[in-house]
1. Restricting attention to the range 129-149, and to residues there that are in a helix (DSSP H, G or I) and within 13 Å of the chain's Cα centre (by Cα), which single residue is surrounded by the fewest Cβ atoms within 10 Å (Cβ to Cβ)?
2. Condition check: farther than 19 Å from residue 16 by Cβ, assigned to a helix (DSSP H, G or I), open to solvent by less than 50 Å² (accessible area, probe 1.4 Å) and touching a residue at least 24 places away in the same chain (Cβ under 8 Å). Does residue 115 satisfy that?
3. Provide a single number: the residues in the range 119-128 that are loosely packed, with under 14 Cβ neighbours inside 10 Å and out of contact with any Ser or Thr (no Cβ under 8 Å at 6 or more places or on another chain).
4. Sort out which residues of the range 46-100 are open to solvent by 20 Å² or more (accessible area, probe 1.4 Å) and at positive phi, and write them in order of number.
Amino acid sequence: MAILSADDIIRAAIAASIAEGVTYPVDALKTRLQLSQPSPNLHAGSFSLRSLYRGISPAIARHVPYTSIRISVFHALQEKLGTGFPATMVSGLLAGGLGQLVAAPLDLIKIRMVSDARSAQTPRYTSLLDATIKIVEQEKVHGLWHGATVAVQRAALV
């Protein structure tokens, strides 16, 4: 098995970021509909295009560490453990879980920004940096990993 180069990892992160950017409005709409209370007046057409892109910066930024870690750790573990089914399963579990552990703060910020977009009130956060600063000020650094345990478990399985 060939070892991945830094260029391979960078290309993978860029490709994942582009894919996220293209599919983001659908994901944002899904999240907003999941967060909403059932209402006869609520439907997919009730959202503005601009609001569908709220939270895209943390969504794209997430793929830099997440994809890079998943791919590089997976390949490094396969080099050490081999490519049989049990080794591949362990490599995938560890790589996915570790990637999500690092990327969890960006997921949290994305969900909060998407949640803000569905509200008529002024958004809590104006940018990725603003959200990071406010969360750390209000909830301390560990607040950035709120809900990460479940997210890491899911990513490990995926």
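1. Filtering the range 129-149 for residues that are in a helix (DSSP H, G or I) and within 13 Å of the chain's Cα centre (by Cα), the one surrounded by the fewest Cβ atoms within 10 Å (Cβ to Cβ) comes out as 145.
2. Judged against the criteria, residue 115 is a match.
3. Residues in the range 119-128 being loosely packed, with under 14 Cβ neighbours inside 10 Å and out of contact with any Ser or Thr (no Cβ under 8 Å at 6 or more places or on another chain): 5 in total.
4. The answer is 82, and nothing else.
The values are calculated or read from the model by the stated rules, or taken from the named source; none is laboratory data. Fair warning: this is a prediction, and the values are worked out from it, not measured in the lab. Cβ atoms come from the backbone with ideal geometry, glycine included; neighbour counts cover every protein chain shown. Side chains included, ligands, DNA and RNA excluded: accessible areas come from the protein's heavy atoms. Shrake-Rupley method; radii C 1.70, N 1.55, O 1.52, S 1.80 Å.
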